[in-house]
Structures are given as C-alpha cells and as structure tokens.
Amino acid sequence: MTMKRAITVTVNGQQYRSEVEPRMLLVHYLREVLDLTGTHVGCNTSQCGACVVDLNGEAVKSCTILAVQADGCEVTTIEGLAPEGTLHPIQEGFWEKHGLQCGFCTPGMIMASYQILKNNPNPTEAEIRKGLEGNICRCTGYQNIVRAVQHAAEQMRTAATEPVGAGE
Amino acid sequence: MGIAAMVGAPIKRREDPRLITGQATYVDDIKLLGMLHMAVLRSPYGHARIVSINTQAVRELPGVTAVYTAEDLRG
C-alpha cells in the first residue's frame, strides 16, 4: 500500500485534516471519509456528472479529481449549498418545477447549475442545456431540469434587485 | 387542498426535500457498522468446465474476511 498523504480540505465551510492514499478520488473522500453521501458516483467514467461539486469556485467532476489535489482547497457539496433547514433557490427550483424523479443525478445537476448561474445570471435555454452537457439524467428528459434552472435564475435575479428590507 | 382542487394542479412532491439536499440514502450511501466490501470473481472463459477452485491463498491475504464458492451455498 502506498504511503498516505496528509491533506487539509475545507468542505462546506468546515476544515478537515485527513490522511489519504494518493489514488483516492475526491468523490470517495467526500462520501467515505467525510460521510457526505449526497455527491454520487454514477458512471465511473466521468461522463454522468452525478459527482459534480464546487472546488474553489469551479464546478468539477469529483470523480476526476484526486483527494490530494483538493489539499488546501475549498469544496462545496450539495449538503453545503444552503444553511441547514433552508433551500437554495436552485434547490427550490428543482422542487417547484419537478426537475427530478429518482433524484440520483440531482445533486450534480444542482451543483452544475450553480456554476452556470454564477457565470450567467440570465441564461437562455440553449445556454442552460450547454452548461449541463456534462450531466446525464435517465428519468426526466431534461425539460423540467431546464425549467427548474430558469425558475431559479429568475428567483435569484429578483432577489438580487430587491432593496434590502423589502417584502416580508 | 381539496381533492377537486388538486386535479390538474402542480403538486410539489413529498420526497424532494431529501433528494435536493443530498440527504437521501441510495444503496451505495448505506453505512452500517462492520460493513465489508464484496468482490465477485467471474469466469474469464466464455465456455469452460470448472475443474477446481483453490481459495487457500486468498483466504490468507490480510483484510480478507471470507471467501465463498458454490460449495458454501450447497443446502
């Protein structure tokens, strides 16, 4: 067995110090060492996107990142997208617009959508579909996923333009 | 919401909150105390006759808890 390496990773705002084999994938580190099983392994071939997380502000497929590569980095997973007990507008959008059925692809879809909307708060349908090219869904046929992202984008744009203290 | 009002109306699903927050438990997410990994060895040949299966060496490998063949399943 190869010697383990010490890594320090901040995941969902919490810092973790661990010893991992260099070959350990980030997705396995998150799922097995940190018990964050919301990030899924769908294909083992980096095609499906069920493993997408945010790494230093960028959406990445955590099955193609080694845990040692995340040393000193900040990772956000689906569990950390919104404070416990609350929902991010993207999560709300998927719920509202029936953007999921079995839900297996959904964390990856949401994290990929998070990146899309960070870069482009008002994406066209084509831009949403292009941004989600790396995510596969077997259940929904993608139409409601697109609607979910559009809904989230609208909610986020509205919230961003509301004066502080407006509404309830 | 009355039943009549529900017909044709979009209803939010009850299972979604767990699914959209990564709290759902799919089979690979299940963690129980003392869980082991199982690997299946399949025949490398498409058409062959099993003459013998020698499990002695693998039983002695560190970390191996058990090895099962058809012999172990005979009722």
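A search for C-beta distances below 6 Å between a residue of segment A:14-34 that is farther than 14 Å from residue A:74 by Cα and any residue that is surrounded by 15 or more Cβ atoms within 10 Å (Cβ to Cβ) and charged (D, E, K, R), counting only pairs 6+ apart in sequence or on different chains, returns A:22/A:5.
To keep it simple, each residue is scored yes or no on (1) part of a loop (DSSP other than H, G, I, E, B); (2) at positive phi; (3) of a type outside the set (D, E, K, R); (4) touching a Phe, Trp or Tyr at 6+ places or on another chain (Cβ under 8 Å).
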{"position": "A:98", "(1), (2), (3), (4)": "yes, yes, yes, no"}
{"position": "A:104", "(1), (2), (3), (4)": "yes, no, yes, yes"}
{"position": "A:115", "(1), (2), (3), (4)": "no, no, yes, no"}
{"position": "A:118", "(1), (2), (3), (4)": "no, no, no, no"}
{"position": "A:122", "(1), (2), (3), (4)": "yes, no, yes, no"}
{"position": "A:126", "(1), (2), (3), (4)": "no, no, yes, no"}
{"position": "A:130", "(1), (2), (3), (4)": "no, no, no, no"}
{"position": "A:133", "(1), (2), (3), (4)": "yes, no, no, no"}
{"position": "A:140", "(1), (2), (3), (4)": "yes, no, yes, no"}
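Here residue A:46 passes the criteria (1) within 11 Å of chain B (Cβ to nearest Cβ); (2) of a type in the set (Ser, Thr, Tyr); (3) more than 14 Å from the chain's Cα centre (by Cα) except the one numbered (1). Checked against (1) outside the structural domain of residue A:39 (by TED's automatic domain parsing); (2) farther than 18 Å from residue A:50 by Cβ; (3) outside any helix (DSSP H, G or I), residue A:72 passes all but a single condition, namely (1). Within segment A:90-107, the only residue that satisfies the criterion of being under 26 Å from residue A:15 (Cα atoms) and more than 7 Å from every other protein chain (Cβ to nearest Cβ) is A:90. Answer yes if at least one residue in segment A:97-117 is in contact with a Lys or Arg (Cβ under 6 Å, 6 or more places away or on another chain), hydrophobic (A, V, I, L, M, F, W, C) and outside the structural domain of residue A:11 (by TED's automatic domain parsing), and no otherwise. Checked against the condition, which is being in contact with a Lys or Arg (Cβ under 6 Å, 6 or more places away or on another chain), hydrophobic (A, V, I, L, M, F, W, C) and outside the structural domain of residue A:11 (by TED's automatic domain parsing), segment A:97-117 yields no hits at all.
The values are calculated or read from the model by the stated rules, or taken from the named source; none is laboratory data. Remember, predicted model here, so these are calculated numbers, not experimental data. Neighbour counts run over all protein chains shown; Cβ positions are idealised from the backbone, glycine included.
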